[in-house]
Every structure is written in C-alpha cells, then in structure tokens.
Amino acid sequence: MAPVHILYVLEATDGGTRRHLRDLVCGLPSGFSATVVVSTLRDPAFAREDRPVYQEAGARWIELPMRRSAGAGDFMAVRRLRKLLHSLRPDIVHAHSSKAGAVARLASRGDFPVVYTPHGFSLLMPGFVWPYRLFETFAVRWTDAVICVTEEESRLAQSLGYADGRIHVIRNGITPPVPPSCVSAAREGIGFFGRDVPQKGADVLRACKGLPVRFFTHYPQGEAIALMRTVAVAAMPSRWEGCPYALLEAWAAGTPVVASAVGGLKELIRHGENGWLLPPDATPGEWERELGNILRDPSLRERLAEGGRRSFAAHTLSGMLEKTLSVYRAVLGKTGGPCRAREG
C-alpha cells in the first residue's frame, strides 16, 4: 500500500511555527510521506538551514514565493499551488499559519482535504481588520479540520462557523530533555527567550532598569534548555501568544516562569503553582517589582519550578505527533480514504 501523502504549506518561516512544522514532518512514522511547500521570502536563511533537515527526513522540498501581507502576488501563489496539487495529488493538505492557510484553501477549493493550523488566528492579534474575519468565515467550507493550539483559538473557530467535530485542540510539545551529566551553572538573574519583536514584549524588560536581565533572542534550538538552566527566572511579557515553546522549555529546564496572562500562557499557567502571571497591561514598573520579589524568594522559585516540571509531562512531542496523526486518520476516514484518484 502506498504511504499516505501529506502536503504541507508554510509561509511563516520563523518562530514556533517553523519549529512545529519541522518537528511534525521529521516525526512522521512509516506509512506517511511528506512534501513541504514553503516560501523563503521572510527569512533567506530558512532554506539553507532547514532544507537539509527535511531532505534527510525524506520529505520533498518545493519553494513557492508568498509574502506575509496580502497583495497581487497571492493570485500567482494560489495558481501555482493549485497546479502542484493536481500534479502531486496529496491525500491531505496541511496548511500552517494564516497566509499559508488562505493560499492552500483557495488552491484546493474542496478538491483535496485540508487541515489548517493557524498557530493563533490573526484575528486574535491587535489591529486586525474585518476582511480577515470575512475570509476565515468563508474558508470554513474548504477546511476539513482546524487544529488549535489554545482553547481561546478553539472558541474563535467555533464563532467562525466550524462544527465541534472539526475543531481539535493540540498544544505544542517538545522532546523531554536528557538530564545533564554534570551540575549546571549557577542560576543568576532573569532571562528573556524569544524573538525581539513587539509581540514578545522584550521592550517591557528593557525598561526594567533595576533588574539583571539577559536577552536570548538568537540561539540554536537544541541549546534552549541548557540556557534556561543558567537563569533564576524566565520572563515572558508577551502581548499575545499561542502555545509558546519557551514556556515548555522553561518547565523542562526546571526554571520558574513569570508571564503575561494572555493566550496559551494564561491557560497553561496556574498562578502560584506552575508559574506566576501578571495582567496583560502590567507596566514595566509592575514587572520590575514582581520579578524582584521572586528573585528574592528562593522557596517560591523552587515551588514554581517543581510545578512546571510536573506540568511538562503533558506536553511532549510524541503526544503532539500522535494527536495530529489521529486528526489525519479521522479526515481520511470521513473523505473515504486517499484522494489521489479524484478528478480535479
């Protein structure tokens, strides 16, 4: 029997979306094959760094120019992808993030089953305009399943018209770390881990002049947990979030987390148990006061770290992969199995 062919579409080649897709494709078991259709316009280094990883995993790599903002180039992207779909005839199209989700669904138009993972609907971000919501409502008809990384995102999917049976909440997951062979460096100060963009709120911490903050904005994925083990507290002053990998890595590293009560952070963190939450509109002064208090309270830090270690057990990469594969199987079951024989 031929393997189930999944065609993945990605425009957002940075941050957690990039990592999520790479982990997903590289984790596919026997019985599945993958084609990755990606744009390299957002990050020119993406092809150099990630293409060898996908090729080593046996995935086919195809570049399709897409820009983050809407524009005339989208029509060409849709046309080229539709031609690819009818040439390759995948069993499932799995689109990641908003732009790829729009292009993939316009290209498929019901001819191929589509799974859509928004990684945080653009409608949840500040400043969205009504055409985005209009398109998402219209595109429900071409979406066989939507995978949400937060309950907040799931509720929005319901409001857009998705039936409950098509909505699946699957949070990100990472591989459990190997315990260090030696004692890690002494933990000192506060660490910020993430991209230096307004969403992540690094500017809030830069305004905290009285705190010892280190900013880790560029580091190899494989070094994240080791770096987390060098700080006393991980601070996440995000303005909006899905299910951030930095939170899972801090939990895995046994590092206490202080975060904004937004998106997946407020869903996953139980204040005072496995992390510490501040209001989304907390000022730099409030961040400085709360972080300073936690730095001076080792017993509280240990309690938060232990709660995080326990919480991490529910967020492994193997669990994320199995739940995603279950969605694929359910979609194929509803559509009558592989669709390569369908006429375009």
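The values are calculated or read from the model by the stated rules, or taken from the named source; none is laboratory data. Fair warning: this is a prediction, and the values are worked out from it, not measured in the lab. Here the Cβ positions follow ideal geometry from the backbone for every residue, glycine too, while neighbour counts run over all protein chains shown.
Scanning the stretch 200-224 for residues that are in contact with a strand residue (DSSP E or B) (Cβ under 6 Å, 6 or more places away or on another chain) and either exposed (fewer than 14 other Cβ atoms within 10 Å of the Cβ) or under 21 Å from ASP50 (Cβ atoms) (or both) yields one hit, PHE216. If you go through the stretch 255-302 and keep only what is within 27 Å of VAL149 (Cα to Cα), free of Cβ contacts under 8 Å to residues at least 12 places away in the same chain and of a type in the set (D, E, K, R), you end up with LYS266, ASP281.
Can you say whether PRO256 is within 24 Å of LEU227 (Cα to Cα), at pLDDT below 95 and not small (Gly, Ala, Ser), as far as the supplied structure shows? Judged against the criteria, PRO256 is not a match. Across the stretch 66-102, the number of residues qualifying as in contact with a Gly (Cβ under 7 Å, 6 or more places away or on another chain) and at pLDDT 90 or above comes to 2. Candidates VAL9, VAL37: the one that is in contact (Cβ under 8 Å) with a residue 24 or more places away in the chain and under 17 Å from the mean Cα position of the chain (by Cα) is VAL9. The residue pairs whose first member lies in the stretch 307-320 and is closer than 16 Å to GLY275 by Cα, whose second member is basic (Lys, Arg), and whose beta carbons are closer than 9 Å, counting only pairs six or more residues apart or on different chains, are GLY307/ARG270; SER311/ARG270; ALA314/ARG171; HIS315/ARG171.
Of the residues making up the stretch 322-344, those that are at pLDDT 70 or above and of a type in the set (Lys, Arg) are LYS323, ARG329, LYS334.
Looking across ARG18, ARG109, one residue alone is on the phi < 0 side of the Ramachandran plot and surrounded by fewer than 23 Cβ atoms within 10 Å (Cβ to Cβ). It is ARG18.
If the condition is being surrounded by fewer than 24 Cβ atoms within 10 Å (Cβ to Cβ) and more than 13 Å from the chain's Cα centre (by Cα), then the stretch 241-251 contributes only GLU249.
Residues in the stretch 190-199 that are modelled with pLDDT under 95 and touching a strand residue (DSSP E or B) at 6+ places or on another chain (Cβ under 8 Å) were compared, and the one that is nearest to LEU278 (Cα to Cα) is GLY194. Applying a threshold of 9 Å to beta carbon distances and a minimum spacing of six or more residues, or different chains, the list of pairs starting in the stretch 88-102 at a residue that is closer than 19 Å to THR335 by Cβ and assigned by TED's automatic domain parsing to the domain that holds SER39 and ending at one that is assigned to a loop (DSSP other than H, G, I, E, B) and among the aromatic types (Phe, Trp, Tyr) reads ARG89/PHE112; PRO90/PHE112; ASP91/PHE112; ILE92/PHE112; VAL93/PHE112. Would you say TRP251 is touching a residue at least 40 places away in the same chain (Cβ under 8 Å), closer than 24 Å to ARG155 by Cα and touching a helix residue (DSSP H, G or I) at 6+ places or on another chain (Cβ under 7 Å)? Criteria not met by TRP251.
Exactly one residue out of GLY161, GLY173, GLY101, GLY120 is farther than 26 Å from GLN199 by Cα and not hydroxyl-bearing (Ser, Thr, Tyr): that is GLY161. Restricted to helices (runs of 4 or more DSSP H) entirely inside the stretch 22-139, those with at least 1 residues that are aromatic (Phe, Trp, Tyr) are 45-56, 73-88, 130-139.
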